[in-house]
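Before any comments, here is the structure.
The values are calculated or read from the model by the stated rules, or taken from the named source; none is laboratory data. Fair warning: this is a prediction, and the values are worked out from it, not measured in the lab. Backbone-built Cβ (ideal geometry, glycine too); neighbour counts: all protein chains shown.
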Amino acid sequence: SSDTCKRSFWCAKGAFVYSRVGGDTLLPCTGLVSADCSHIFWTFYKGGQVRYTQEVSWGQVRAESDKSSRMSITSNCSLHLRDLRIDDAGSYVCLHQGQTITDVYLSLLTITSVSRITDLQLGGNLILSCILFTYYDAGSCKSYSSAFSLSWVAKDGTSLATDSRYELTGQTRCNITLVTKLQMEDNNRKWRCQVNTTETSRAAFQDFTSTFLFQNPPIVQSLTPSAAMHCPVHLPISRIVLCVALPVMVIIVGLFTWRNDRKRAKKTAASVKFRETC
């Protein structure tokens, strides 16, 4: 009860937190009466992989934690996580001297696409899978997990399921795939998947932007012989001068070389004749 919480240092509560991969989140230590964090511990449990680690000891982030560079303790002893990764999904516990203060269950939302990059153009097929990595295991959707639902929504928050242009396939509680044929207005469009919960009116969401590889379809032009005859190619003056001057220079060099070779041959012949006379 609330009276019990006031009389004691701790009051065990559970919190379900939803966020997105790449984002930030705050894991609350909600039942803490005192703001003194020097006796606070945070532990992390990953179901499925059966991983248990201590992230915070005596109010300090442990240097051994693989999250140490992305994690910090706030003034009210809550845990702030940045640049969220899939492996961060799991069960966190805030403790005071070994007693549980708050259980926090973190689930993370992500979007993956199996479409090829060449499909990102007008008329191409866009396939997007929205997956919720739950606190127990990726996509496990255990029956005892918090009540939530995934949906693809438009900018105004309306569900895309009501539009016949969009097809939802392989729909499960933790995985919903959107299939659609891209139209011109889909260039640089944001596609949003969101998770709605019964605990809070604030929905967590993840966006994917479809940017066309080819902005405009290629234009094929053909040149007929008659058109080519009426469209002469105009060369710049510098090229014309070069084309004329180059052959002239070759001829001049050739003549100069020929004259030198002829003079050299005459001198050689005269020298030989002189030696024969002697």
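Conditions (1) buried (at least 20 other Cβ atoms within 10 Å of the Cβ); (2) assigned to a strand (DSSP E or B), marked per residue:
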position	(1), (2)
I101	yes, yes
S107	yes, yes
T110	yes, yes
S115	no, no
T118	no, no
Q121	no, no
I127	no, yes
C130	yes, yes
Y135	yes, no
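Do the conditions hold for V33, that is, is it within 25 Å of T134 (Cβ to Cβ) and among the β-branched types (V, I, T)?
For V33, the condition - within 25 Å of T134 (Cβ to Cβ) and among the β-branched types (V, I, T) - is not met.
When both residues are 6+ apart or on different chains and their Cβ atoms are under 6 Å apart, which pairs have a first residue that lies in the stretch 142-166 and is over 18 Å from E185 (Cβ atoms), and a second that is modelled with pLDDT under 75?
K142/Y136; A147/T198
Out of the residues in the stretch 39-72 that are charged (D, E, K, R) and either touching a Pro at 6+ places or on another chain (Cβ under 8 Å) or not in a loop (DSSP other than H, G, I, E, B) (or both), state the one that is nearest to Y135 (Cα to Cα).
Per the criteria, the residue is K46.
From D36, D83, D87, grab the single residue that is surrounded by fewer than 18 Cβ atoms within 10 Å (Cβ to Cβ), assigned to a loop (DSSP other than H, G, I, E, B) and at pLDDT 90 or above.
Result of the check over D36, D83, D87: D83.
Report, ordered by the first and then the second residue, all pairs with beta carbons closer than 7 Å, sequence separation of six or more or different chains, a first member in the stretch 19-35 that is on the phi > 0 side of the Ramachandran plot, and a second member that is at pLDDT 95 or above and surrounded by 15 or more Cβ atoms within 10 Å (Cβ to Cβ).
What qualifies is G22/L84.
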